[in-house]
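K.L.:
This structure is in C-alpha coordinates; I'll ask about it shortly.
The values are calculated or read from the model by the stated rules, or taken from the named source; none is laboratory data. Just so it is clear, the structure is predicted and the values come from calculations on it, not from any experiment. When we count neighbours, we look across all protein chains shown, and the Cβ atoms used for this are built from the backbone with ideal geometry, even at glycine.
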Amino acid sequence: MLGGCCVCADENGWESNPLVYCDGPNCEVAVHQGCYGIVEVPEGEWYCAKCADFIAHSQYNGNSGDVGEVRETPRCKLCPFGHGALKRTDNDEWAHVICALYIPEVRFGDVHSMDPVILSDVPLERFQQQCYLCMERGEEKRAYLGACMPCNKPGCKKCFHVTCAQAEGLLCEEGGGSKNVKYCGYCSAHAKKARLEESNCHLSLVDFGSI
(Lines give C-alpha, C1' and ligand atoms only; values in the text may rest on other atoms or scores of the structure.)
Protein backbone atom coordinates (compact mmCIF):
# COMPACT_ATOMS: atom_id res chain seq x y z
CA MET A 1 0.00 0.00 0.00
CA LEU A 2 1.39 3.36 -1.01
CA GLY A 3 0.55 6.94 -0.17
CA GLY A 4 0.57 7.30 3.63
CA CYS A 5 -2.75 7.01 5.41
CA CYS A 6 -4.92 4.32 3.80
CA VAL A 7 -7.95 6.59 4.15
CA CYS A 8 -6.86 10.13 3.26
CA ALA A 9 -3.45 9.33 1.69
CA ASP A 10 -1.66 12.10 3.60
CA GLU A 11 1.83 10.99 4.60
CA ASN A 12 2.07 13.52 7.43
CA GLY A 13 1.05 12.96 11.03
CA TRP A 14 0.45 15.45 13.81
CA GLU A 15 0.59 15.31 17.58
CA SER A 16 -3.18 15.72 17.72
CA ASN A 17 -3.78 13.27 14.88
CA PRO A 18 -0.79 10.91 14.47
CA LEU A 19 -0.23 8.32 11.79
CA VAL A 20 -0.60 4.90 13.40
CA TYR A 21 0.91 1.76 11.87
CA CYS A 22 -0.52 -1.72 12.34
CA ASP A 23 1.92 -4.05 14.10
CA GLY A 24 0.59 -7.14 12.39
CA PRO A 25 3.31 -8.95 10.39
CA ASN A 26 2.87 -8.42 6.66
CA CYS A 27 0.18 -5.82 7.32
CA GLU A 28 0.83 -2.49 5.63
CA VAL A 29 -2.08 -0.54 7.10
CA ALA A 30 -1.26 2.99 8.21
CA VAL A 31 -4.02 5.36 9.27
CA HIS A 32 -4.47 8.65 11.03
CA GLN A 33 -6.06 8.32 14.44
CA GLY A 34 -8.99 10.44 13.28
CA CYS A 35 -9.36 8.76 9.90
CA TYR A 36 -9.82 5.31 11.46
CA GLY A 37 -11.68 6.22 14.63
CA ILE A 38 -8.94 5.21 17.07
CA VAL A 39 -10.36 6.59 20.29
CA GLU A 40 -7.02 6.28 22.11
CA VAL A 41 -3.66 5.35 20.61
CA PRO A 42 -2.04 2.66 22.80
CA GLU A 43 1.52 3.04 24.03
CA GLY A 44 2.40 -0.45 22.87
CA GLU A 45 1.34 -2.46 19.84
CA TRP A 46 -1.68 -1.51 17.79
CA TYR A 47 -3.54 -3.73 15.35
CA CYS A 48 -6.03 -2.75 12.68
CA ALA A 49 -9.49 -4.30 12.99
CA LYS A 50 -8.69 -7.09 10.55
CA CYS A 51 -5.52 -8.19 12.36
CA ALA A 52 -7.14 -7.79 15.78
CA ASP A 53 -10.02 -9.99 14.64
CA PHE A 54 -7.61 -12.65 13.40
CA ILE A 55 -5.69 -12.65 16.69
CA ALA A 56 -8.89 -12.96 18.71
CA HIS A 57 -10.18 -15.76 16.48
CA SER A 58 -6.86 -17.66 16.67
CA GLN A 59 -6.68 -17.43 20.45
CA TYR A 60 -10.30 -18.54 20.78
CA ASN A 61 -9.47 -21.67 18.78
CA GLY A 62 -6.30 -22.38 20.76
CA ASN A 63 -3.88 -21.36 18.01
CA SER A 64 -0.82 -19.18 18.35
CA GLY A 65 -2.57 -16.05 17.21
CA ASP A 66 0.34 -15.24 14.92
CA VAL A 67 -1.05 -12.68 12.49
CA GLY A 68 1.69 -13.69 10.09
CA GLU A 69 -0.05 -17.01 9.46
CA VAL A 70 -1.51 -17.52 6.02
CA ARG A 71 -5.24 -16.88 6.06
CA GLU A 72 -7.94 -15.80 3.71
CA THR A 73 -8.07 -12.04 3.19
CA PRO A 74 -11.61 -10.74 3.71
CA ARG A 75 -13.02 -8.70 0.86
CA CYS A 76 -14.65 -5.34 1.33
CA LYS A 77 -18.41 -5.59 0.90
CA LEU A 78 -18.37 -2.33 -1.05
CA CYS A 79 -15.55 -2.99 -3.53
CA PRO A 80 -13.51 -5.86 -5.05
CA PHE A 81 -10.49 -5.44 -2.78
CA GLY A 82 -9.47 -6.85 0.59
CA HIS A 83 -6.32 -5.09 1.71
CA GLY A 84 -6.38 -1.70 3.38
CA ALA A 85 -8.11 -0.07 6.35
CA LEU A 86 -11.14 -2.27 6.97
CA LYS A 87 -13.82 -2.22 9.65
CA ARG A 88 -16.50 -4.71 10.60
CA THR A 89 -19.99 -4.10 9.23
CA ASP A 90 -23.31 -4.47 11.00
CA ASN A 91 -23.84 -7.84 9.28
CA ASP A 92 -20.43 -9.22 10.31
CA GLU A 93 -18.69 -8.57 7.02
CA TRP A 94 -15.96 -6.04 6.17
CA ALA A 95 -15.81 -2.62 4.53
CA HIS A 96 -13.07 -0.10 3.86
CA VAL A 97 -13.39 3.10 5.85
CA ILE A 98 -12.79 5.02 2.61
CA CYS A 99 -15.66 3.17 0.92
CA ALA A 100 -17.92 3.88 3.88
CA LEU A 101 -17.15 7.59 3.71
CA TYR A 102 -17.88 7.97 0.02
CA ILE A 103 -20.91 5.70 -0.53
CA PRO A 104 -23.71 8.17 0.33
CA GLU A 105 -26.04 5.87 2.29
CA VAL A 106 -23.36 4.22 4.46
CA ARG A 107 -23.01 5.40 8.04
CA PHE A 108 -21.13 4.48 11.21
CA GLY A 109 -22.82 3.07 14.30
CA ASP A 110 -20.51 5.14 16.48
CA VAL A 111 -19.12 8.22 14.75
CA HIS A 112 -16.17 8.43 17.15
CA SER A 113 -14.87 4.85 16.88
CA MET A 114 -16.34 4.46 13.37
CA ASP A 115 -17.73 1.06 14.36
CA PRO A 116 -19.59 -0.74 12.96
CA VAL A 117 -20.09 0.23 9.32
CA ILE A 118 -23.86 0.29 8.75
CA LEU A 119 -24.84 -0.97 5.30
CA SER A 120 -28.56 -1.51 5.78
CA ASP A 121 -29.53 1.77 4.07
CA VAL A 122 -27.51 1.16 0.90
CA PRO A 123 -29.99 0.58 -1.94
CA LEU A 124 -29.72 -2.63 -3.93
CA GLU A 125 -29.11 -0.70 -7.15
CA ARG A 126 -25.67 0.37 -5.92
CA PHE A 127 -24.65 -3.29 -5.79
CA GLN A 128 -25.96 -3.81 -9.32
CA GLN A 129 -24.09 -0.95 -10.96
CA GLN A 130 -21.03 -1.45 -13.15
CA CYS A 131 -17.70 0.19 -12.32
CA TYR A 132 -16.60 1.85 -15.55
CA LEU A 133 -12.97 1.99 -14.35
CA CYS A 134 -12.86 -1.79 -13.97
CA MET A 135 -14.36 -2.15 -17.44
CA GLU A 136 -11.73 0.17 -18.92
CA ARG A 137 -9.05 -2.09 -17.41
CA GLY A 138 -10.72 -5.15 -18.94
CA GLU A 139 -11.75 -6.49 -15.51
CA GLU A 140 -15.38 -7.27 -16.20
CA LYS A 141 -15.82 -9.68 -13.28
CA ARG A 142 -14.52 -7.11 -10.79
CA ALA A 143 -16.75 -4.43 -12.29
CA TYR A 144 -19.86 -5.97 -10.72
CA LEU A 145 -18.39 -6.75 -7.27
CA GLY A 146 -19.29 -4.49 -4.37
CA ALA A 147 -21.18 -1.22 -4.70
CA CYS A 148 -20.57 1.86 -6.82
CA MET A 149 -20.78 5.57 -6.21
CA PRO A 150 -21.95 7.97 -8.92
CA CYS A 151 -19.95 10.75 -10.52
CA ASN A 152 -20.90 13.91 -8.65
CA LYS A 153 -21.27 15.89 -11.86
CA PRO A 154 -25.03 16.44 -12.34
CA GLY A 155 -26.27 14.50 -15.32
CA CYS A 156 -23.27 12.14 -15.53
CA LYS A 157 -24.27 8.48 -15.52
CA LYS A 158 -20.86 6.95 -14.83
CA CYS A 159 -20.38 4.93 -11.64
CA PHE A 160 -17.28 3.47 -10.04
CA HIS A 161 -15.91 1.71 -6.98
CA VAL A 162 -14.58 4.11 -4.37
CA THR A 163 -11.20 2.36 -4.23
CA CYS A 164 -10.90 2.33 -8.03
CA ALA A 165 -11.55 6.07 -8.06
CA GLN A 166 -9.10 6.58 -5.20
CA ALA A 167 -6.33 4.79 -7.11
CA GLU A 168 -6.98 7.05 -10.11
CA GLY A 169 -7.02 10.25 -8.05
CA LEU A 170 -10.71 10.89 -8.71
CA LEU A 171 -11.89 11.36 -5.11
CA CYS A 172 -11.87 14.66 -3.29
CA GLU A 173 -13.19 16.36 -0.19
CA GLU A 174 -15.13 19.53 -0.76
CA GLY A 175 -16.41 22.09 1.68
CA GLY A 176 -15.06 24.13 4.54
CA GLY A 177 -13.69 22.73 7.77
CA SER A 178 -13.46 19.19 9.13
CA LYS A 179 -17.06 19.25 10.38
CA ASN A 180 -18.55 20.27 7.04
CA VAL A 181 -16.86 17.99 4.53
CA LYS A 182 -18.58 16.68 1.44
CA TYR A 183 -17.00 13.50 0.10
CA CYS A 184 -17.11 13.61 -3.70
CA GLY A 185 -15.92 11.59 -6.63
CA TYR A 186 -15.82 12.40 -10.32
CA CYS A 187 -15.29 10.38 -13.47
CA SER A 188 -12.11 11.04 -15.42
CA ALA A 189 -13.89 13.45 -17.76
CA HIS A 190 -15.19 15.68 -14.97
CA ALA A 191 -12.51 15.40 -12.26
CA LYS A 192 -10.09 18.01 -13.61
CA LYS A 193 -12.80 20.60 -14.14
CA ALA A 194 -14.19 19.94 -10.66
CA ARG A 195 -10.80 20.64 -9.07
CA LEU A 196 -10.42 23.86 -11.00
CA GLU A 197 -13.88 25.04 -9.99
CA GLU A 198 -13.66 23.97 -6.33
CA SER A 199 -10.67 25.44 -4.51
CA ASN A 200 -11.36 23.27 -1.44
CA CYS A 201 -11.23 20.03 -3.41
CA HIS A 202 -8.52 17.91 -1.77
CA LEU A 203 -7.40 14.68 -3.41
CA SER A 204 -7.37 11.34 -1.67
CA LEU A 205 -4.94 9.00 -3.46
CA VAL A 206 -3.93 5.50 -2.40
CA ASP A 207 -2.60 2.80 -4.71
CA PHE A 208 -4.98 -0.18 -4.86
CA GLY A 209 -3.57 -1.32 -8.18
CA SER A 210 -1.59 -4.23 -6.70
CA ILE A 211 -4.39 -5.56 -4.51
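K.L.:
Restricting the search to the range 112-121, which residues are hydrophobic (A, V, I, L, M, F, W, C), without any contact (Cβ under 8 Å) to a residue 60 or more places away in the chain and either farther than 17 Å from residue 162 by Cα or in contact with a His (Cβ under 6 Å, 6 or more places away or on another chain) (or both)?
P.N.:
Result: no residue meets the conditions.
K.L.:
Still on this structure, I have one more. Do you know which of the residues in the range 166-211 that are of a type in the set (Gly, Ala, Ser) and crowded, with 18+ Cβ neighbours inside 10 Å is modelled with the lowest pLDDT?
P.N.:
204
K.L.:
State yes or no: is residue 163 modelled with pLDDT of 95 or more, over 17 Å from residue 35 (Cβ atoms), polar (S, T, N, Q) and surrounded by 14 or more Cβ atoms within 10 Å (Cβ to Cβ)?
P.N.:
No: the conditions fail for residue 163.
K.L.:
Now for a separate question. Give the residue, chosen from 121, 92, 66, that is farther than 19 Å from residue 169 by Cα, assigned to a loop (DSSP other than H, G, I, E, B) and modelled with pLDDT of 95 or more.
P.N.:
Exactly one residue qualifies, and that residue is 121.
K.L.:
Residue under question is residue 99, and the condition is that it be under 30 Å from residue 15 (Cα atoms), in contact with a helix residue (DSSP H, G or I) (Cβ under 6 Å, 6 or more places away or on another chain) and at pLDDT 95 or above; does it hold?
P.N.:
For residue 99, the condition - under 30 Å from residue 15 (Cα atoms), in contact with a helix residue (DSSP H, G or I) (Cβ under 6 Å, 6 or more places away or on another chain) and at pLDDT 95 or above - is met.
K.L.:
Further, regarding this structure: Hey, among the residues in the range 103-118 that are of a type in the set (Val, Ile, Thr) and assigned to a loop (DSSP other than H, G, I, E, B), which one's surrounded by the fewest Cβ atoms within 10 Å (Cβ to Cβ)?
P.N.:
Here the answer is 111.
K.L.:
A follow-up question, please. If we scan the range 5-13, do we find a residue that is farther than 20 Å from residue 81 by Cβ and outside any loop (DSSP other than H, G, I, E, B)?
P.N.:
no
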